[in-house]
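K.L.:
The structure is given below, and queries will be raised subsequently.
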4 protein chains.
Amino acid sequence: MKVGFIGLGAMGSAMASNLIAAGHHVTVWNRSEAATEKLASLGAKVARTPDRAAQGDVLHSMLANDQSVREVFLEGGLLEAMDPGIVHVNHATISVALARQLAEEHAKRGLGYVAAPVFGRPDVAAAGKLNILVAGHAAAIEKAKPLLEVMAGKLWPMGDAPERANVVKLAGNFMIVTAIESMAEASVLARAYDVSAADFIALMTSTLFASPVYQGYGKSIAEQRFTPPGFALPLGLKDVLLAQEAGLAAQVPMPLAGVLRDSLVEALADGGQSLDLSGLARVSERRANLQQRKK
Amino acid sequence: MKVGFIGLGAMGSAMASNLIAAGHHVTVWNRSEAATEKLASLGAKVARTPDRAAQGDVLHSMLANDQSVREVFLEGGLLEAMDPGIVHVNHATISVALARQLAEEHAKRGLGYVAAPVFGRPDVAAAGKLNILVAGHAAAIEKAKPLLEVMAGKLWPMGDAPERANVVKLAGNFMIVTAIESMAEASVLARAYDVSAADFIALMTSTLFASPVYQGYGKSIAEQRFTPPGFALPLGLKDVLLAQEAGLAAQVPMPLAGVLRDSLVEALADGGQSLDLSGLARVSERRANLQQRKK
Amino acid sequence: MKVGFIGLGAMGSAMASNLIAAGHHVTVWNRSEAATEKLASLGAKVARTPDRAAQGDVLHSMLANDQSVREVFLEGGLLEAMDPGIVHVNHATISVALARQLAEEHAKRGLGYVAAPVFGRPDVAAAGKLNILVAGHAAAIEKAKPLLEVMAGKLWPMGDAPERANVVKLAGNFMIVTAIESMAEASVLARAYDVSAADFIALMTSTLFASPVYQGYGKSIAEQRFTPPGFALPLGLKDVLLAQEAGLAAQVPMPLAGVLRDSLVEALADGGQSLDLSGLARVSERRANLQQRKK
Amino acid sequence: MKVGFIGLGAMGSAMASNLIAAGHHVTVWNRSEAATEKLASLGAKVARTPDRAAQGDVLHSMLANDQSVREVFLEGGLLEAMDPGIVHVNHATISVALARQLAEEHAKRGLGYVAAPVFGRPDVAAAGKLNILVAGHAAAIEKAKPLLEVMAGKLWPMGDAPERANVVKLAGNFMIVTAIESMAEASVLARAYDVSAADFIALMTSTLFASPVYQGYGKSIAEQRFTPPGFALPLGLKDVLLAQEAGLAAQVPMPLAGVLRDSLVEALADGGQSLDLSGLARVSERRANLQQRKK
């Protein structure tokens, strides 16, 4: 198929590469051109402007946040310049409010729209094993399906209202941050009784909590190594805020989210901007003054 | 070996059965005699009083809570009546404070003491696959090891201070309750956007959170079936309270624990005494008034 | 002086009336014209469009929230149409972010800007006894001072950065909501032990907490009478959200605010849209299931 | 009347002095004898053992906490040695559970028992202006009333179940700690926007929150002076824990209490053992890293 791909961060690059490898004709665009070189070397056409990537069967976008999506599609006018028959598959983790607005704006113009946020890190994307949530009109999904299957280990259909895929993504990320905060608090409790974080985390993540999230972030907590970020702490905060916003709009109290928000803000106040999400463990440690008392 | 076993609930029975099956000479005692019959039929001697079970190489106890342990060992005077050379292996989930007191009281009398709380439900106990945390003096542990290995999939040494095993057990249970509350809040958020709890939980527990705790409790939340209790809600509250107490004693703030406590108390206020821990999902649902709005 | 007044809700009407009574030439504008009649009868000129009210020495505005302020001043283009020498005195409780934006936009155009949020209900406004926080450039404040003094029991200077007055207003409202939640939780605890809310509140608000906020909202809690709203519950939520936003922007964790947010959202989920803020007491009561158990 | 008084800390001494000044025959006992000298100089008889103070019409006790009360009255055997016709008036802030136990133990022995916890600091006690909560059987209260009136600005009857007075005292102290935490968080928010704590607190405590609690603790927060303690931080934590315990026993969720507990524990972990309760402000400041960013 003739495919466009906008947004070539670590995730987007890996996803677009797989589309090329599967034999699709891919035109890419990225705000900074540097990121396009690798894709060009694999066979992608490089567009100078986003509208050039939006002339084909399907346009994928994997942008960083609400603001980038707004700038490119709404304020930047891309919606007006898209090929009328195209389906836009939006992989970004965005707010429920923007998801609804995008669904409307696409519908108004007769453009197809599929929300397709993903679970998985860049290595999973590179392996074509992402878990992809998919919501939108059946016909639009049908058209994009062969492309999504290239990228996914599994597709998870979430119905025809696009925001459902986004709310599930936010709910999932909320669960991830909770899991990390939970390990952070529990391991500081253990350490206060002279059990090492490494011993505690090894036990938990090889038994009751033997799952990717706990093992991945648990390793960082066990080793107290919070850089470089896999999932950057400010992005985790962004997602907790979006989950809270979704909860507010639907009148769903989420007391755990309130705790996560404060811990993440405290991490930032303590200079954690470039830490991994697992850096939440530093906040728990500081609250218990563990460093001081060990001296 | 000549072994005593006190406390024959679902867990204790399964553990004692395995000791018998492994060829040890087991004398059992339980407050209510009914529970001793099955063990007797397997070959156990039944003691009329707990001191009769405390004459041998090792005495295991698997009692319900601090109060039962206090009643039998401290107030009931069992400590005074134990065989001088015996090692007491205490499997109960008790407070750090009681763990310390028991360690002292045993030491004073020259009795061996090993804290050996377990992770695993009755079916895991029956299969001899428990994860057993083990802390105490090396010699005492050495003596009990052949018996522990009969019951365990794996032993997790936690050093020589018995309370360390207990604090790790409490920290682990705190993580379990957090995981459940996290699924409860997230799935109500999803439901408020018309994603079914079943779809949401299926996604989460077969991907990021594909671990026993999430899968087990997640199934109950997905099916909204909270009885009969696997892990009873009041026992979950008990363990959260003990984790908070351990945190307080060691000056470790645990904001998530505060949220769990309130949710569990709210569940009890709403009549949740005989629900499973996964019944926390009912509290999240009630807070969002989800039943009403669906009408 | 020649004065404009935009926004004639209960507060704005009372404030504008006092300016007229003090002999100033007041031109008023309000989105719905009905509200202008009373002021006209007192001697105000009624403007058909907001720009007509913005030709004079000082323009006061008392709009409901960020959105109204944006619509009138930014999107509606009023800033472009204001008399070049005028000082805009903004009494609304708005976000810190909007306060900063307005300060910049006024400065760009050479317009004076004073943030002057108020503490006090309509009856206090009518009596000219408001506590008014004042921040902005000294010259602008100086010009508006005679008018502010007509409305105020006391002026509280907060420096030259307008957003400071706004953040103090939000911090104050956060304290008000906390005080109410505190009475809500405490009085349900008392009631669970058969002490009436009325007895408990009477004691507290005539001794340790003998202050306007506790006495006013305490009376509603004691009488369990939550309508009509003095300070509407959704507005309280709006202000808690703005306080959280201000905290987020300045990296200030506010754990109490998280609790307030959840209680307010729960109140809304339970149908509390038209309750007074003191309706938070219903949430505490419901959590403890107090109605059911009293039956 | 013939009166005994046990427990001569700052509060007890002031209260006993007033009884002497009012012409009653007072026998005092205190664990450490030093404290009895001042009372002796005013005319009190000094008892060597507590039972000597318990022979008369009424015995007042003002001990520090549950443990002291248990040690003197239950474990120390004072209950057995009291004059059969005496009424015991217990002013201590104790747990609801102990209050119930004491009521039962006195009743069993035919001894009168009145719970009479007080609000007010030592200077208020010295002035005979305490607010005294009073609960117990009418006859017992009647007998003690003339003495209570000597000490009180006002008596607040709470019915015949003694624990009601205790739960109200705990609910009140919970409100005090909440008020302090509220000022702490709000003033750090203000400071992050360059409004001084002093300006912020002055505004709040002379307007909306012009009450003793806010003014007293607010002054400390404004001046950032947290020693010497008026109300020591660890005692505040004790009372929050007792309020939580009372909530737990009656199935009343109290989310604010959870926040207070964590803040107080964090204060202790940061070396706050000998600070005043207002030292909670240091925790808020540390969370926002305010000291660091000001450098």
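K.L.:
Could you go through the range B:69-84 and let me know if any residue there is within 30 Å of B:Q244 (Cβ to Cβ) and small (G, A, S).
P.N.:
Yes, the range B:69-84 contains at least one residue that is within 30 Å of B:Q244 (Cβ to Cβ) and small (G, A, S).
K.L.:
Going by the conditions given, is D:S274 under 21 Å from the mean Cα position of the chain (by Cα), without any contact (Cβ under 8 Å) to a residue 12 or more places away in the chain and either more than 11 Å from chain B (Cβ to nearest Cβ) or within 30 Å of C:K154 (Cα to Cα) (or both)?
P.N.:
Taking the combined requirement at face value, the residue does not satisfy it.
K.L.:
How many of the residues making up the range B:212-231 are in contact with a Ser or Thr (Cβ under 7 Å, 6 or more places away or on another chain) and touching a residue at least 12 places away in the same chain (Cβ under 8 Å)?
P.N.:
Number of matching residues: 8.
K.L.:
Next question, about the same structure. Please go through the range C:103-139 and give me each residue that is in a helix (DSSP H, G or I) and either of a type in the set (V, I, T) or out of contact with any strand residue (DSSP E or B) (no Cβ under 6 Å at 6 or more places or on another chain) (or both), ordered by number.
P.N.:
The answer is C:E104, C:E105, C:A107, C:K108, C:P122, C:D123, C:V124, C:A125, C:A126, C:A138, C:A139.
K.L.:
Could you please find all residues in the range A:107-129 being crowded, with 18+ Cβ neighbours inside 10 Å and either farther than 29 Å from A:G236 by Cβ or outside the structural domain of A:S61 (by TED's automatic domain parsing) (or both)?
P.N.:
Selection gives A:L111, A:G112.
K.L.:
Could I ask something else about it? Anything in the range A:171-183 that is of a type in the set (S, T, N, Q) and either within 20 Å of B:V96 (Cα to Cα) or at the interface with chain B (Cβ under 7 Å from one of its Cβ atoms) (or both)? List them, or say none.
P.N.:
Selection gives A:T178, A:S182.
K.L.:
Identify, please: which residue in the range C:200-209 is within 7 Å of chain D (Cβ to nearest Cβ) and part of a helix (DSSP H, G or I) and is, among those, nearest to D:R164 (Cα to Cα)?
P.N.:
C:F200
K.L.:
Return the residues of the range C:130-164 that are in contact (Cβ under 8 Å) with a residue 60 or more places away in the chain and crowded, with 22+ Cβ neighbours inside 10 Å; say none if nothing qualifies.
P.N.:
C:L130, C:A144, C:L147, C:M151, C:P162, C:E163
K.L.:
Right, something else. Here are some residues: B:V72, B:V87. Which one is buried (at least 23 other Cβ atoms within 10 Å of the Cβ), touching a helix residue (DSSP H, G or I) at 6+ places or on another chain (Cβ under 7 Å) and not assigned by TED's automatic domain parsing to the domain that holds B:A246?
P.N.:
B:V87 is the lone residue from the list that is buried (at least 23 other Cβ atoms within 10 Å of the Cβ), touching a helix residue (DSSP H, G or I) at 6+ places or on another chain (Cβ under 7 Å) and not assigned by TED's automatic domain parsing to the domain that holds B:A246.
K.L.:
Applying the selection to the range B:28-51, what residues are touching a helix residue (DSSP H, G or I) at 6+ places or on another chain (Cβ under 9 Å) and over 21 Å from B:A127 (Cα atoms)?
P.N.:
Within the range B:28-51, B:W29, B:N30, B:R31, B:K45, B:V46, B:A47, B:R48, B:T49, B:P50, B:D51 meet the criteria.
K.L.:
Please go through the range D:277-295 and pick out each residue that is more than 19 Å from D:G218 (Cα to Cα), assigned to a helix (DSSP H, G or I) and facing another protein chain (nearest Cβ under 10 Å).
P.N.:
D:R287, D:Q292, D:R293
K.L.:
Given (1) closer than 29 Å to D:A10 by Cβ; (2) in contact (Cβ under 8 Å) with a residue 60 or more places away in the chain; (3) more than 10 Å from chain B (Cβ to nearest Cβ); (4) touching a helix residue (DSSP H, G or I) at 6+ places or on another chain (Cβ under 8 Å), identify the lone condition not met by D:E245.
P.N.:
The single condition D:E245 does not satisfy is (3).
K.L.:
Tell me whether the range A:146-159 contains one or more residues that are under 14 Å from the mean Cα position of the chain (by Cα), within 14 Å of another protein chain (Cβ to nearest Cβ), closer than 29 Å to B:S182 by Cβ and of a type in the set (A, V, I, L, M, F, W, C).
P.N.:
The answer is no, given that none of the residues of the range A:146-159 is under 14 Å from the mean Cα position of the chain (by Cα), within 14 Å of another protein chain (Cβ to nearest Cβ), closer than 29 Å to B:S182 by Cβ and of a type in the set (A, V, I, L, M, F, W, C).
K.L.:
Still on this structure, I have one more. I'm checking my understanding of the structure. Among residues of the range C:212-238 that are over 11 Å from C:G279 (Cβ atoms) and within 12 Å of chain D (Cβ to nearest Cβ), which one is surrounded by the fewest Cβ atoms within 10 Å (Cβ to Cβ)?
P.N.:
Per the stated criteria, the residue is C:Q215.
K.L.:
Residue under question is D:A92, and the condition is that it be part of a loop (DSSP other than H, G, I, E, B), crowded, with 22+ Cβ neighbours inside 10 Å and among the small types (G, A, S); does it hold?
P.N.:
It is true that D:A92 is part of a loop (DSSP other than H, G, I, E, B), crowded, with 22+ Cβ neighbours inside 10 Å and among the small types (G, A, S).
K.L.:
Do the conditions hold for B:V168, that is, is it facing chain A (nearest Cβ under 9 Å), more than 30 Å from B:P253 (Cβ to Cβ) and either out of contact with any helix residue (DSSP H, G or I) (no Cβ under 9 Å at 6 or more places or on another chain) or not aromatic (F, W, Y) (or both)?
P.N.:
In short, no.
K.L.:
Among the residues of the range B:132-141, is any within 16 Å of the chain's Cα centre (by Cα) and modelled with pLDDT under 95?
P.N.:
For the range B:132-141, residues within 16 Å of the chain's Cα centre (by Cα) and modelled with pLDDT under 95: absent.
K.L.:
Continuing with the same structure: Mind listing just one residue for me: the one in the range A:184-199 that is within 7 Å of chain B (Cβ to nearest Cβ) and within 24 Å of B:M204 (Cβ to Cβ) and, of those, farthest from the chain's Cα centre (by Cα)?
P.N.:
In this case the residue turns out to be A:A186.
K.L.:
A follow-up question, please. Given the conditions (1) surrounded by 15 or more Cβ atoms within 10 Å (Cβ to Cβ); (2) modelled with pLDDT under 95, which single one is not true for D:V58?
P.N.:
For D:V58, the failing item is (2).
K.L.:
Of all the residues that make up the range A:197-211, how many are surrounded by fewer than 24 Cβ atoms within 10 Å (Cβ to Cβ) and in contact (Cβ under 8 Å) with a residue 12 or more places away in the chain?
P.N.:
The number of residues fulfilling the criteria is 4.
K.L.:
Do we find a residue being loosely packed, with under 15 Cβ neighbours inside 10 Å, outside the structural domain of A:A232 (by TED's automatic domain parsing) and over 25 Å from A:F231 (Cβ atoms) anywhere in the range A:16-27?
P.N.:
Yes, there is a match, as at least one residue in the range A:16-27 is loosely packed, with under 15 Cβ neighbours inside 10 Å, outside the structural domain of A:A232 (by TED's automatic domain parsing) and over 25 Å from A:F231 (Cβ atoms).
K.L.:
Show the residue pairs that are 6+ apart or on different chains and have beta-carbon atoms under 6 Å apart, the first residue being within the range C:9-29 and over 16 Å from C:K145 (Cβ atoms) and hydroxyl-bearing (S, T, Y), the second being assigned to a helix (DSSP H, G or I) and at pLDDT 95 or above.
P.N.:
Every condition considered, the pairs that remain are C:S17/C:L42; C:T27/C:A53.
K.L.:
Only one of these conditions is not met by A:G128: (1) more than 14 Å from chain B (Cβ to nearest Cβ); (2) at negative phi. Which number is it?
P.N.:
In the conditions (1) more than 14 Å from chain B (Cβ to nearest Cβ); (2) at negative phi, A:G128 misses (2) alone.
K.L.:
For A:G279, which of the numbered conditions (1) touching a Gly at 6+ places or on another chain (Cβ under 7 Å); (2) surrounded by fewer than 24 Cβ atoms within 10 Å (Cβ to Cβ) fails to hold?
P.N.:
Tallying (1) touching a Gly at 6+ places or on another chain (Cβ under 7 Å); (2) surrounded by fewer than 24 Cβ atoms within 10 Å (Cβ to Cβ), A:G279 fails exactly one: (2).
The values are calculated or read from the model by the stated rules, or taken from the named source; none is laboratory data. Predicted model only: the values in this text are computed from it and were never measured. When we count neighbours, we look across all protein chains shown, and the Cβ atoms used for this are built from the backbone with ideal geometry, even at glycine.
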